[in-house]
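Everything on this sheet refers to the single structure shown next.
Quick note: the coordinates plus some simple rules give every number you see, no bench work behind them. Keep in mind the model is a prediction, meaning the values are calculated, not measured. Positions of Cβ are backbone-derived with ideal geometry, glycine not excepted, and every protein chain shown enters the neighbour counts.
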Amino acid sequence: MKVVKKKLTDLVSPEKNLRLHTDKQIVEFKRSVSMFGQIRPIVIDENNVMLAGNGLHQTLVELGWTEADCHIVTGLTEAQKKKLMLADNRIFDLGVDDMAAFDEFILDLKDDLDIPGFDEDILKSFIMDHSDADALISEYGLVPDDRADEMRQTAERYEEREADAASAAEQVEPGEPPTADDEKRKFVLCPKCGERIWL
């Protein structure tokens, strides 16, 4: 495979790209490129149209790179180019992680779990000892007092607003035909829980 340097500004996005790149994916792509550099080329045709690597291209542009390693594929028909794009996006998805090997890698890395694409705290939870896991579980769902007060105050404000809105609205019975006063907000009380259902 012959890899050549190409200016990012010379590369052309395909008319349709099969893969949508989320903000989260691009953030993790940036982490990866910053940590390891460009580890695979962008695949382009003889007209510099990208057939594989559009997300990498976006990442490099956002990182301020001006050039990328590219592999030029020549002599493909338009149908073959579409097949290449479909295959490139699908074949990777067909793989299955070997979780035993994954666990071994994480154990080998121990405290160095800054890995693009993964949440470091979640990886740490995989290798923590029983006492740390017990402590974490015992704290699960607990809310600090200051945060609990803030949540209570917010709930009270919402209740006050809803009560004010209800006092200016009209309560109707389920199945009741609309009245002539269409400007007034209306609500129904749920017969099971008593909550207002705004109409």
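Assorted remarks:
- Cut-off under 5 Å, modelled amide H: who pairs with Lys186 long-range: Glu170, Leu199
- Calculated FRET value between Asp112 and Glu173, using beta carbons and R₀ = 45 Å, to 0.05: 0.10
- Prolate/oblate/rounded label for the range 20-59 (Cα gyration tensor, a/c 1.5): oblate
- Dipole magnitude (debye, nearest 20) for the chain, charges at Cβ of Lys, Arg, Asp, Glu: 1540
- Neighbour cut-off at most 10 other Cβ (10 Å), DSSP loop, GluC sites (Glu not before Pro), the range 1-104: Glu15, Glu46
- Among Asp108, Asp145, Asp88: highest mean-square fluctuation, GNM of the chain, C-alpha pairs under 10 Å: Asp145
- Ordering Glu183, Glu156 from the fewest to the most neighbouring beta carbons within 10 Å gives Glu183, Glu156.
- Rounded to 5, percent antiparallel among DSSP beta bridges of the chain: 60
- Acute angle (nearest 10 degrees) that the helix 23-36 long axis makes with the longest principal axis of the chain, alpha-carbon atoms: 40
- Ellipsoid semi-axes for the range 145-198, based on the Cα gyration tensor and the rule √(5λ), read 30, 13, 6 Å when sorted largest first.
- Cα-based values for the range 3-94, radius of gyration first and Dmax second, are 12.8, 37 Å.
- Contact order relative to length of the chain, as percent, for alpha carbon pairs under 8 angstrom and 6 or more apart: 16
- Dividing the radius of gyration of the alpha carbons in the chain by their Kirkwood radius gives 1.20 for Rg/Rh.
- Ellipticity estimate at 222 nm from DSSP helix runs (n ≥ 4, -39,500 (n - 2.57)) divided over the chain, nearest 500: -14000 deg cm²/dmol
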